[in-house]
Amino acid sequence: MSYRFALLGCGRIGARHAAQIASHGHLAAVCDIDPSRASALGEQYGAQIYHSFTQLLQSENIDVVSVCTPNGLHAPHSIEALQAGCHVLCEKPMSISTASAQLMAETGHVRPELPIGTAATLFTITLIEHICKASPLIP
């Protein structure tokens, strides 16, 4: 089974995530508010291109969202993905405040079958490979 990934944030770290996702899974969609960044990465990997995360979540059947946006946006983006029924891989730091990190955890606990993980880029390769080999992510 190949999991459908969406990448949110097409900057330098997002490009690293995209490369690993593409080598182990299926990068179905990319999203960035900067049209040139989204287009460049989307075209490189044959992914659908979005400039609105909400629209991406409504339009695509995504299994896992890789959140690579600026630190202050990690919590709201992860929460939105969890509420849409997606698994979440969030780049470090999980959040910029303990309150928003707690809200992320609480949102994840509402649907315990949807894991949320935080990863440093150094471990992204291994983590994405394990996610793609997991059988199955959703019980």
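Throughout, read-outs are computed from the coordinates displayed, never taken from laboratory work. No experiment lies behind these values; they were computed from the predicted model shown. Every residue, glycine among them, receives a Cβ derived from its backbone with ideal geometry; neighbour counts consider all protein chains shown.
Computed from the Cβ-Cβ distance with R0 of 41 Å, the FRET efficiency linking S2 to S97 stands at 0.70. Each peptide among 4-15, 96-107, 68-79, 40-51 gets the average number of other Cβ atoms lying within 10 Å of its residues, and from highest to lowest they stand as 4-15, 68-79, 40-51, 96-107.
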